[in-house]
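Participant: Before I ask anything, here is the structure I am working with.
The values are calculated or read from the model by the stated rules, or taken from the named source; none is laboratory data. What you see is a predicted model, and the numbers here were worked out from it, not measured in a lab. Please note: Cβ atoms are built from the backbone with ideal geometry, for glycine as well, and neighbour counts cover all protein chains shown. The protein model used for the area step is the full one, side chains on, heavy atoms only, and it has no ligands, DNA or RNA in it. Shrake-Rupley method; radii C 1.70, N 1.55, O 1.52, S 1.80 Å.
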Amino acid sequence: MAESDTQRPECWVDDQRMDALFSPFRERNANPQSWESKMKFWSIQITEHLRQNGQVVFDTRTVSQIFKRKGRMPSCMHTVVQEMVRQGKLQKVSDFEASAQPEGWASWGLNVFVKRPLLWTVGTVMGKANHSIEEEVVYVEILKEKASELLHRVWSNARHQATDYVLDWTTVRDMCRDICPDDRSLSLVLLQLQKEAKVRIVEMPSQHKVVKFARKEQRSVTPVSEIELGVHRLKETEAHLSSEVQKLTEGIRRCLEDAKFYIGKGLKNSAKNALRRKKDK
């Protein structure tokens, strides 16, 4: 994201202050108060940026580019991210995934996250790189907030208990685009809901996924029954037939308009051909 697209703190124009904030962390014991102040500053900036842009997952390289200033990126983001992981504010995607793998979820989760970019290397809290972690991280609090928001969206839209809690993946995506702007975010949010026992995922023979949500009065989601899958298939068939009827109706309308146009031009044969096409629809 361009620098101008993200709200900046007032001190952003202070070169001396920003030079100190952009520099690598020094030994924590040397000046604990300064270390904590700098860590708090960057933690707030990252949190606000993610909230403003509806993001739940990021990597150190990308977030460093986001906060680029006068051609320079902060040199301290590895330490910031690692400390936020240690505090529990962030969680490595692989750890989050491993913590949310109930029966039937593991293969789907692996398919979603298997191609994680190798984008960052983290040092110790003291700023000494003694090991490498090549991983993306998820912001735990924001992820939970989005999971709750999505679940309440499903509840508010539900009209029939028998049908409105078992939804096609694309239906969930379209319903919640303002909550999860991309499939990546949606996958993570549904994984969080799976972890909370609020959703179950079933992959249909047609290779698309069906998501079952717990109802408002339920503490946890129940398994997807054959009856529910049967009802879902009927809804799919109904939607497909409705789409086909709409296409046919539109085709007939165009043929009639063509026929009227040709009659107006005195082209009777062309008008007849247009009407024949209407009969073939």
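Participant: Would you check which residues across the range 76-103 are assigned to a loop (DSSP other than H, G, I, E, B) and open to solvent by less than 70 Å² (accessible area, probe 1.4 Å) and list them? It would help to see each step written out before you state the result.
Facilitator: First, pick out the residues of the range 76-103 that are assigned to a loop (DSSP other than H, G, I, E, B): 76, 88-89, 99-103.
Across the range 76-103, the qualifying residues are CYS76, GLY88, SER99, ALA100, PRO102.
Participant: A further question on this structure: For the range 162-175, how many residues meet the condition of being among the charged types (D, E, K, R), open to solvent by less than 60 Å² (accessible area, probe 1.4 Å) and farther than 14 Å from LYS212 by Cα?
Facilitator: Residues that pass the stated criteria total 0.
Participant: Now, a different point. Go through the residues of the range 213-229 one by one and say whether even a single one is in a strand (DSSP E or B), in contact (Cβ under 8 Å) with a residue 40 or more places away in the chain and touching a strand residue (DSSP E or B) at 6+ places or on another chain (Cβ under 9 Å).
Facilitator: Taking the range 213-229 as the starting set, the residues that turn out to be in a strand (DSSP E or B) are 213.
Retained after the next criterion (residues that are in contact (Cβ under 8 Å) with a residue 40 or more places away in the chain): 213.
Then keep just the ones that are touching a strand residue (DSSP E or B) at 6+ places or on another chain (Cβ under 9 Å); that gives 213.
Scanning the range 213-229, I find at least one residue that is in a strand (DSSP E or B), in contact (Cβ under 8 Å) with a residue 40 or more places away in the chain and touching a strand residue (DSSP E or B) at 6+ places or on another chain (Cβ under 9 Å), so the answer is yes.
Participant: List the number of the failed condition for ASP178; all other conditions in (1) open to solvent by 60 Å² or more (accessible area, probe 1.4 Å); (2) over 21 Å from VAL57 (Cα atoms); (3) of a type in the set (D, E, K, R); (4) in a loop (DSSP other than H, G, I, E, B) hold.
Facilitator: Failing condition for ASP178: (2).
Participant: Considering only the range 184-228, how many residues are polar (S, T, N, Q) and open to solvent by 80 Å² or more (accessible area, probe 1.4 Å)? If you could, list the steps in order and put the result at the bottom.
Facilitator: Taking the range 184-228 as the starting set, the residues that turn out to be polar (S, T, N, Q) are 185, 187, 192, 194, 206-207, 218, 220, 222, 225.
Filter again for open to solvent by 80 Å² or more (accessible area, probe 1.4 Å), leaving 207.
Summing the residues that are polar (S, T, N, Q) and open to solvent by 80 Å² or more (accessible area, probe 1.4 Å) in the range 184-228 gives 1.
Participant: Then there's this: Would you tally the residues in the range 7-23 being part of a helix (DSSP H, G or I), closer than 21 Å to GLN52 by Cβ and either free of Cβ contacts under 8 Å to residues at least 12 places away in the same chain or open to solvent by 50 Å² or more (accessible area, probe 1.4 Å) (or both)?
Facilitator: Looking only at that region, the number is 3.
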